Amino acid sequence: MLDAYSWLSTNGIVKDGDYHGYRAQKDQCQSTAGKDKFFNTNQIEEDNIDNRRLKQILARQPVGVAIHSNAACLTSYSHGEIKAEECDCNDANTRDVNHGVTLIGYGKSSRPDCSEYWLIKNSWGPDWGENGFFKFCSDVNTVKAPQGTCQVNSFIQYPTLD
């Protein structure tokens, strides 16, 4: 993700509405000539942060996070908050991550065994999950999930807008 933020600081990115959207097929990129672009000035990575710090960052902007994606669990996701035990995506002895997503917010859970959740945008399009989004239980990190559900607290990356 840091490479992407570095590229954006030079080349910029257009607004979401200026893209044709995800089509699940190989295609040519549309020209962005003449369209307004966003440029970031730098990028930051914070590793192994707690939920309090992550909420502080989210109060300013969405962030990129690296997670351990158990494909079977996420592929079948349709709604609700996922706990680490349900996805078999945490191991106290490893910090393996294999999927980049965008953490955009948090909220109160409706589950009795999860008080809060992280709201995450996936890259699999609006027909997956909850219109392209999913939720990870964000309760206090435990021995089974020392870096949060599926390692969500492990590698936090975001552009700066100075």
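The values are calculated or read from the model by the stated rules, or taken from the named source; none is laboratory data. The model shown is predicted, which means the values in this text are computed figures rather than measured ones. Methodologically, a virtual Cβ is constructed for each residue, glycine included, from the backbone with ideal geometry; neighbour enumeration extends over all protein chains shown.
Worth a mention:
- The listed residue being among the small types (G, A, S), farther than 16 Å from G129 by Cβ and either modelled with pLDDT of 90 or more or loosely packed, with under 11 Cβ neighbours inside 10 Å (or both), out of A66, A92, A84, A72: A66
- Filtered residues of the range 121-148 (kept if modelled with pLDDT of 80 or more, among the hydroxyl-bearing types (S, T, Y) and either under 21 Å from R111 (Cβ atoms) or not in a loop (DSSP other than H, G, I, E, B) (or both)): S138
- Residue count for the range 101-120, restricted to those that are surrounded by 15 or more Cβ atoms within 10 Å (Cβ to Cβ) and of a type outside the set (D, E, K, R): 11.
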